[in-house]
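The structure appears right after this line, and notes come after that.
The values are calculated or read from the model by the stated rules, or taken from the named source; none is laboratory data. Given the structure is predicted, the values throughout are model-derived calculations rather than measurements. Only protein heavy atoms, including side chains, enter the accessible area calculation; ligands, DNA and RNA are left aside. Shrake-Rupley method; radii C 1.70, N 1.55, O 1.52, S 1.80 Å.
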Amino acid sequence: MKRNYMSIIFIVFIIGLLIGILIKDYNKQVSLYVNKDKFIKNEIKSTQKSIKVMGKEKEKIEKEIEILKSKNQNSKVANQVNTLKEILGYIDVKGSGLLIIIDAINDEMGNIANSIDYNKILLNIVNEIKVNGGEYVSINNQRLNQYSEISLAGNHININSTPIAQPYNINVIGDVDKLTDYINKKNTYLDSIGNNYQLRVETKIEKNITIEKLNIINKLENIEGE
């Protein structure tokens, strides 16, 4: 009887030990899963914070890009306005180009204005220069644009309603290479002037030329400031 009792106690002890081990292992597993769950949740929160930060940075960069685009657009508009002002003669221009002088061969020829106007010599020179690299032109300090008129008024030439007298000094700013090729060519219009009308024609390539702005109000409106 005593032996059976001891056997029962031993069996109960073993069973209890096994149950304890199982419970301890279960608690470890539960703890492990809980820790993993916390870790995953923390990672998710951290990722969400990073996404928010990146989103804010993205918005900031996009705003900066829009500002840069706006500034660039304004710069383009400003450049276009300045270019238009240059073309119309609203601002001074400086650069390299060509100097041309048209005058009588001698004093005995007297006033050459009638011959110059009748044969459209200044107008033809300007048109030919424009084709051969000239961008900005003035005659006796009178800036030319698309509204300028070259005409005879009495015994003198008028440009921009301002009288000018011989010699006629033509300043040209533009593509120096093209202008150089133009004056080096033979049988150009400039050569024909000297041969056909007995006029003195001088040309010179110049590095520093200043063509001043127009002193009159042009017909174009809505150009802001000078």
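Extension gain GLU212-LEU84, at 0.36 nm per residue separation less the Cα-Cα distance, in nm? Please list the in-between numbers first.
Details: separation 128, 0.36 × 128 = 46.08 nm, distance 1.52 nm.
Stretched out fully, the GLU212 to LEU84 stretch lengthens by 44.6 nm.
Between ASP107 and LYS120, what is 0.36 nm times their sequence separation minus the Cα-Cα distance? Round to one decimal in nm.
Details: separation 13, 0.36 × 13 = 4.68 nm, distance 2.18 nm.
Gain on stretching ASP107 to LYS120: 2.5 nm.
Accessible area per residue for segment 78-137 in Å², computed with a 1.4 Å probe and the full protein assembly in place, what is it? If you can, show how the numbers build up before the last one.
Working: 3100 Å² over 60 residues.
Roughly 52 Å² per residue, with all protein chains present.
Subtract the Cα-Cα distance of LYS178 and LYS60 from 0.36 nm times their separation in residues, and report this length gain in nm to one decimal. Walk me through the numbers before you get to the answer.
Working: separation 118, 0.36 × 118 = 42.48 nm, distance 4.96 nm.
Gain on extension, LYS178 to LYS60, equals 37.5 nm.
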